[in-house]
Amino acid sequence: MMAAPSALESRITSTPSQIGATRSTTGTYGVAGVSSVVGAGLVASAAFGRRSAKQSRQRGVVSMAARGGESYDSLVKDLQELVKTKQCGPILIRLSWHDAGVFSDGKLKGGCPNAAMRFTDAGEGTFGANAGLPDVALGLLKPITEKYVPSVIGHADLWTLAANVAIKEMGGPDIKTRFGRKDAESSSDSVESQVGRLPDGDKEIDHLREIFHPKGFDDKDIVALSGAHTVGKCHLDRSGFDGAWTEEPLKFDNTYFKEMLEKEYSEDKTEKGNPQFKSGSGTIMLISDLALLKDSAFKKHVETYAKDQDAYFKDFTTAWVKLQENGVTGLRDSL
């Protein structure tokens, strides 16, 4: 299984309150004891001034909001282009997955999507499970990071958005991204270890439950999140496993579940000595993948998703958003 910025200044979305003023009372005198004729003129002038100031501020709000919208649209377009030209959607998904996936609320506590992996002196940037992410994934994102962080978006929010753009670009569901994750300031903001927080590909059912249940996921969620293996491949120099799970590793659909049920897999061992399973066509499954067929509580969802892609997309979206938002509060719908 593939195995959140310092607060950015919020975009202004509401009209500032009017300038405080004492409302005149009805009668002979209009403004602070001035006669009615003069007072009426002063009232009108004051009212015009307030309207002008308010309209000016409103124009400023619209202008700032428009610029924010343009920045967001430009960011999304740049991410779409990156995914298309570099065919890097899978590793962007893995980046967000491992950034957020360290969260736990069981025996181990804490962890959240905070982009701590960008620090490689210690912590999450040095975890074996994250091999290839601080260098390859962040290298691919570097031009976009330099263009938009921190003026438009924070690191952790960017990683989250990049994954969701990648999923959609590869044919998957359109997943709404919320913003407001706080970026790690150093490697000391990492969790203590990957052990007990990120899943191992060579483990069985009990391990999957031990990892995911403390994150708030049930068996159905575990199967849905496992379906992200429908894209990407294992790299020998990173995970010790080798090969793609599906025939079209850049297409996000329900093929992972279909092939798991339809293909025959035989035991295999990589050059690094890691056990895996390989089909006649060369695609692979890990022990943690085929474990989903060994328990009826898992297998029933595999069978459902193999037959109904819409059901898979719906359940994946629910579980994926929860994963990306675990451990963070105060998220907002826009930058």
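The values are calculated or read from the model by the stated rules, or taken from the named source; none is laboratory data. The shown structure was predicted, so the numbers you read here are calculated from the model rather than taken from an experiment. All Cβ positions, glycine included, derive from the backbone under ideal geometry; neighbour counts span all protein chains shown. When the accessible area is computed, the model is the full protein with side chains, heavy atoms only, and any ligands, DNA or RNA have been set aside. Shrake-Rupley method; radii C 1.70, N 1.55, O 1.52, S 1.80 Å.
To make sure I understand the rule: partners must be aspartates and glutamates, Cα under 17 Å from the Cα of LYS77, and not fewer than 8 residues away in the same chain. Which ones qualify?
Within the straight-line limit of under 17 Å, LYS77 reaches these aspartates and glutamates: GLU146, ASP157, GLU169, ASP174.
Expressed as a whole percentage, what fraction of the accessible surface of the range 175-266 belongs to carbon and sulfur atoms when a 1.4 Å probe is rolled over the protein heavy atoms? All intermediate terms of the calculation are to be shown ahead of the outcome.
On the way: 1720 of 3900 Å².
So the carbon and sulfur contribution to the accessible surface is 44 percent.
Cβ neighbours within 10 Å, averaged per peptide: list 111-117, 238-244 in order, most packed at the top. Present the calculation step by step, with values, prior to reporting the outcome.
On the way: 111-117: 25.9, 238-244: 19.7.
Result, highest mean first: 111-117, 238-244.
Would you please give the FRET efficiency between LEU261 and LYS109, computed as 1/(1 + (r/R0)^6) with r the Cβ-Cβ distance and R0 = 35 Å, to the nearest 0.05?
Calculated value: 0.40.
Compute for the range 70-149: radius of gyration divided by Kirkwood radius, i.e. Rg/Rh, restricted to C-alpha atoms, rounded to two decimals.
That ratio is 1.02, to two decimals.
Over the residues of the range 292-335, compute the C-alpha Rg and express it relative to 2.2 N^0.38 Å.
1.55
Taking R0 as 22 Å, what FRET efficiency do you get between THR329 and GLU210 from their Cβ-Cβ distance, rounded to the nearest 0.05?
E between THR329 and GLU210, to the nearest 0.05, is 0.30.
Straight distance only, please: which aspartates and glutamates reach the Cα of LYS272 with their own Cα at less than 12 Å, same-chain residues fewer than 8 apart left out?
In chain and number order, the partners are ASP237, ASP242.
R0 = 30 Å: FRET efficiency of SER151 with GLN87, Cβ-based, nearest 0.05?
Details: r = 28 Å, r/R0 = 0.94.
The value I calculate is 0.60.
Per residue, how much accessible area does the range 145-279 show when a 1.4 Å probe rolls over the protein heavy atoms, in square angstrom?
43
Find how much the distance from VAL136 to LYS322 grows on full extension, using 0.36 nm per residue of separation minus their present alpha carbon separation; answer in nm with one decimal.
64.4 nm
Measure off 7 Å from each Cα along the Cα-to-Cβ vector at ALA122 and LYS294, then give the distance between these two points in nanometres to one decimal.
So the two model labels end up 3.7 nm from each other.
Would you mind checking the pairs LYS109/LYS269; LYS109/LYS300; LYS168/LYS269; LYS107/LYS203; LYS176/LYS294 and listing those with alpha carbons more than 27 angstrom apart?
LYS109/LYS269; LYS109/LYS300; LYS168/LYS269; LYS176/LYS294
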